[in-house]
Each structure stands twice: as C-alpha cells, then as structure tokens.
Amino acid sequence: MAESAPLLRVYRLKPIEGSNPSLSAMIRLRFVLTFCCLVTIGCGQQKSEQIEWQLPLSAPSDPHGARVQQNLPDWAADRMGHANLILLQKSTARIIPVDLDVGGKAETGNIHLNLLGLANGLRLQAGSYIDDENVHNPAAFVEVSLAGKIIYRGWLYQEFPELFGPDMADWKLWLKSINIQSPAEDISNPTETGTRP
C-alpha cells in the first residue's frame, strides 16, 4: 500500500512530497499530452458522418426556371392578343420597345423574337401549366433566336422581369404588359378612321 500512494498522487496531479517541483510539472505535462494524444487518435478513428446542415447547399429546381426549351401549352397558343416587350442593349443602354401579336415576329439586329402564346394567370398544377383566372401572373411565351440559333423558348413573366428569360451577353429582354382578347370580343370589325364631326 505504501508503494502505490505516490502513484495515486501523480494521477491526481498533486505534487509528490519531497520531489523536485520541475519534475512534478514535467510529469503533469506528460500526462496531459498523453491524454490529448489518446483522445485525438480515438476521434480520428471514428467514422465521420456529415450532418444535414454540413452538406453542401444546392439550389432547388425551379419549375419556372429559364430552361432553353419549354413546351408551349395548347391553350396558350389559342389565345388572341398581344404583348409589349422591352429589349435593352446593355452596352449602349438603348431601349427598344417591341409590340407583337400572338404568332407575330420581330427582328432587331441579329435578335429574332416570336410571340407564341399568352396567359393572364399562369401557374403550375400537377406539373402542368394552367391559366388560372383567380391568379394575377401575366406571362408571354416567346421564342428568342440569336444569329439564327434558338437560345430561349419559354415564358416571360410581367411581375418578375429580372428573374426569368434568355441569358444574353449584350441584351436583356423582359415583358412589360400583355392584352388578351376575350372570345366575345369582335376583332373582325375594322378600326374606324377619319375625323369626327
């Protein structure tokens, strides 16, 4: 029992009676370093698992996102009306207004625009686009070609002009407004011209 008493005192990190103080400090330091090494080795051998918040972030897929080729719904192509589009040339800050009827085409420099459809309340339902009269989300389905190559075929949203549309180096395209004619409107009557009495 007398032999083990000094050992207990070392583990309790108390100075050993009658010993050199610097030697006692070295023993303490050696004990702490040994303990730290064992803990580090033990931690390194554990299998590392990534917690959900440590995983890299990835953007969720946006169903309204600007894919290069989208499908035109039949109901959108059947709508009669027109859209007011704005083209901005970034290098010169030149703004070009473009008014197109459904089925109409316009050309500015090497950019070709084709208005293919319209919607008053565009939204997704079960993975398909519908025109919901209870929703205010005016949109125009356009086809944009640059130097003869289609770079975008999809929706432009009046309420979100900066978020969706073609990605062009020197140009920006957005939808200013749309006007959809109801089936009851008589579009066959010519516009009256001349002066009123």
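Just so you know, all these numbers are worked out from the coordinates, no wet-lab data involved. These numbers were taken from a predicted model, which means no experiment stands behind them. Don't worry about glycine lacking a Cβ; one is built from the backbone with ideal geometry, like all the others, and counts go over all protein chains shown.
If the chain linking SER91 and LEU29 were pulled fully straight, counting 0.36 nm for each residue of separation and taking away their Cα-Cα distance, it would gain 15.5 nm.
Fully extending the segment from GLN69 to LYS149 would add 27.6 nm, taking 0.36 nm per residue of separation and subtracting the current Cα-Cα distance. Prolate is the label for the range 74-181. Its Cα gyration tensor axes, ordered a ≥ b ≥ c, give a/c of at least 1.5 and a/b above b/c. Note on the range 119-184: with charges restricted to the Cβ of Lys and Arg (+1) and Asp and Glu (-1), its dipole about the Cα centre is near 160 debye. Summarising the label geometry, the points placed 7 Å from Cα in the beta-carbon direction at ASP99 and ALA77 lie 2.7 nm from one another.
Using R0 = 45 Å, the C-beta based FRET efficiency linking VAL135 and ASN110 works out to 0.80. Annotation: the residues PHE164, PHE141, PHE31, sorted from fewest to most other C-beta atoms within 10 Å of their own C-beta, follow the order PHE31, PHE164, PHE141. Under 5 Å from the amide H of GLY81 lie the amide H atoms of VAL102, GLN181, each residue being 5 or more positions distant or on a separate chain, with H modelled from the backbone and absent for Pro and chain starts. Between the amide H of LEU116 and those of GLY103, PHE141, VAL142, GLU143, distances stay under 5 Å, these residues lying 5 or more places away or on another chain, with hydrogens modeled in the peptide plane. Counted by neighbouring Cβ atoms within 10 Å, the residues ARG28, ARG79 run from fewest to most as ARG28, ARG79.
Among ILE130, ILE178, the order by Cβ neighbours within 10 angstrom, fewest to most, reads ILE130, ILE178.
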